[in-house]
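Following: one structure in structure tokens, then a few remarks.
The values are calculated or read from the model by the stated rules, or taken from the named source; none is laboratory data. All values derive from a computational prediction rather than experimental measurement. Glycine gets a Cβ as well: all are built from the backbone with ideal geometry, and neighbour counts include every protein chain shown.
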């Protein structure tokens, strides 16, 4: 069905370590992918995106990797800080049944950074 | 304001009552989305408005749910005869339009509790 799943519902890391959050998507026709961060009590906030014609994109301390062969997306956070503690959502945008373009959200991974 | 605003921030109601949730999108954003997020869960798409086009209501869970967007700006999500399973955070987001590259900006959400 239409779904984007996450390998790990929770992730706990030490401050200063690198974090990797994984996401499996289901639609091979998806051509745009987004990572959002949601802090407690707030709405999701855009982190980084990537188009399907790329396999890697870097931002400030974050890198998104896209493997279209296995329909896998990952978010890497370098030197994880306490302020990175949040729920991270991946989302895929593509054409679905009925030639409708939709943005489908994953369930989220909770990242806890230990001082 | 600079961002998406939602009101009220919290709403407690009794089962069977109607509720109205308001969203003020970012000025100039033509696309507006409503999502529902249950505790510890991902985002569930409800409805999408784009300019003067007919809204995409494909995510509304039942006919008790409806939404309007007046003048292409403010939107109201109405839930009639509320049920306990309607308890969730209702998030509104806006973007410039629905093309893939346009980031969605989220409001802080309205936490609805149905007793």
Checklist outcome for this item: Taking the range B:70-94 and keeping only residues that are modelled with pLDDT of 95 or more and out of contact with any strand residue (DSSP E or B) (no Cβ under 9 Å at 6 or more places or on another chain), one is left with B:81
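Yes/no per residue for (1) within 11 Å of another protein chain (Cβ to nearest Cβ); (2) under 10 Å from the mean Cα position of the chain (by Cα); (3) under 23 Å from residue B:58 (Cα atoms):
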{"residue": "A:42", "(1), (2), (3)": "yes, no, no"}
{"residue": "A:53", "(1), (2), (3)": "no, no, no"}
{"residue": "A:64", "(1), (2), (3)": "no, yes, no"}
{"residue": "A:69", "(1), (2), (3)": "no, no, no"}
{"residue": "A:79", "(1), (2), (3)": "no, no, no"}
{"residue": "A:104", "(1), (2), (3)": "yes, no, yes"}
Item to check | strands (runs of 3 or more DSSP E) contained entirely in the range B:55-115, each with at least 1 residues that are more than 14 Å from chain A (Cβ to nearest Cβ) and without any contact (Cβ under 8 Å) to a residue 60 or more places away in the chain | outcome: B:65-69, B:75-79
Next on the checklist: Given the condition without any contact (Cβ under 8 Å) to a residue 12 or more places away in the chain and either under 24 Å from residue A:89 (Cβ atoms) or surrounded by fewer than 14 Cβ atoms within 10 Å (Cβ to Cβ) (or both), answer yes or no: does some residue in the range B:10-22 qualify?
Outcome noted: no
Checklist entry - Residue check: is residue B:60 at negative phi and modelled with pLDDT under 95? => result yes
Item to check | Residues being farther than 25 Å from residue A:107 by Cα and at the interface with chain A (Cβ under 9 Å from one of its Cβ atoms) - total across the range B:43-54 | outcome: 0
Item to check | Index of the failed condition, residue A:43 passing every other in (1) surrounded by fewer than 14 Cβ atoms within 10 Å (Cβ to Cβ); (2) outside any strand (DSSP E or B) | outcome: (1)
Checklist entry - Which of the residues spanning the range B:24-35 are surrounded by 17 or more Cβ atoms within 10 Å (Cβ to Cβ), out of contact with any helix residue (DSSP H, G or I) (no Cβ under 8 Å at 6 or more places or on another chain) and away from every other protein chain (no Cβ under 11 Å)? => result B:24, B:25, B:26, B:29, B:32, B:34
